[in-house]
1. Among the numbered criteria (1) among the charged types (D, E, K, R); (2) modelled with pLDDT under 65; (3) assigned to a helix (DSSP H, G or I); (4) surrounded by 10 or more Cβ atoms within 10 Å (Cβ to Cβ), which single criterion is violated by K157?
2. What tally of residues in the stretch 74-97 results from selecting those that are over 9 Å from the mean Cα position of the chain (by Cα), under 12 Å from S2 (Cα atoms), modelled with pLDDT of 85 or more and not hydrophobic (A, V, I, L, M, F, W, C)?
3. Working only within the stretch 160-193, note down all residues that are modelled with pLDDT under 75 and of a type in the set (D, E, K, R).
4. With A117, A136 as the choices, which residue is outside the structural domain of A38 (by TED's automatic domain parsing), modelled with pLDDT under 80 and either within 27 Å of L9 (Cα to Cα) or in a helix (DSSP H, G or I) (or both)?
5. Among the residues of the stretch 2-35, write down those that are in a loop (DSSP other than H, G, I, E, B), under 13 Å from the mean Cα position of the chain (by Cα) and under 19 Å from V110 (Cβ atoms).
6. Just name the residue that is surrounded by the fewest Cβ atoms within 10 Å (Cβ to Cβ) out of those in the stretch 85-133 that are of a type in the set (V, I, T) and in contact with a Lys or Arg (Cβ under 8 Å, 6 or more places away or on another chain).
7. Is there a residue being closer than 20 Å to A185 by Cβ and either surrounded by 14 or more Cβ atoms within 10 Å (Cβ to Cβ) or more than 11 Å from the chain's Cα centre (by Cα) (or both) anywhere in the stretch 62-73?
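The values are calculated or read from the model by the stated rules, or taken from the named source; none is laboratory data. Keep in mind that what you see is a predicted model, and the values were worked out from it rather than measured. All Cβ positions, glycine included, derive from the backbone under ideal geometry; neighbour counts span all protein chains shown.
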Amino acid sequence: MSAIRLLVLGAVRQHGRAHGYQVRNDLEFWGAHEWSNAKPGSIYHALKQMAKQGLMIAHDVAPSTAGGPPRTEYELTDAGEVEFFRLLRESLVRHDQKIDELTAGVGFIVDLPRAEAIALLKVRATALDRWRAEVAQHWTPTEGTPDEWGHIGEIMKLWVHSAEGGVEWTRGLIERLEAGAYVMAGEGERSVDVLPDGVENPFADHK
């Protein structure tokens, strides 16, 4: 899957209609330009490509009173809505995706019903447990012979450590959701504002 597609679809969706600068501002506030390929060029390219693919509608709005070309606002189509949720569910359920894909999914997890989000995360936790057990059984040095694999053994240790950390974090999020954390889909109105009132974007100097 593509983290940039999920990020851009989700950013547009939460506003209903959004222009490229607005999407960029949202994602930069998340720091997405640091942990994903959500750079300005990638964002604008994704918007244009997904409009061509029928996932968004591009609306040209009137130019500003100060002059300049018309600004393009984007809106998800029905196909874009389907694609957003497909990518979101995939990002949460898989145990072997890249960290930017998981991070993007967590950013939009509140767009899912609580029960569904919990169910997806439980599948992820189970898969991580299974993977950790497989690595521990077949791909780690025999007890008492720590140098059996040489420095390559450190790769296996990294895998196990990553799986253990992933399971711990996933189960912690499940517990928080089960305890009622966050306003999930269907539970009431949520603000679509990324920044609280009066707070400046800390990444403004990146623009």
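1. It is condition (2) that K157 fails.
2. Total meeting the criteria: 3.
3. R190, D193 - these are the residues of the stretch 160-193 that are modelled with pLDDT under 75 and of a type in the set (D, E, K, R).
4. Just one listed residue meets the conditions, A136.
5. Passing the criteria: W30, G31.
6. Result: V93.
7. The answer is no, given that none of the residues of the stretch 62-73 is closer than 20 Å to A185 by Cβ and either surrounded by 14 or more Cβ atoms within 10 Å (Cβ to Cβ) or more than 11 Å from the chain's Cα centre (by Cα) (or both).
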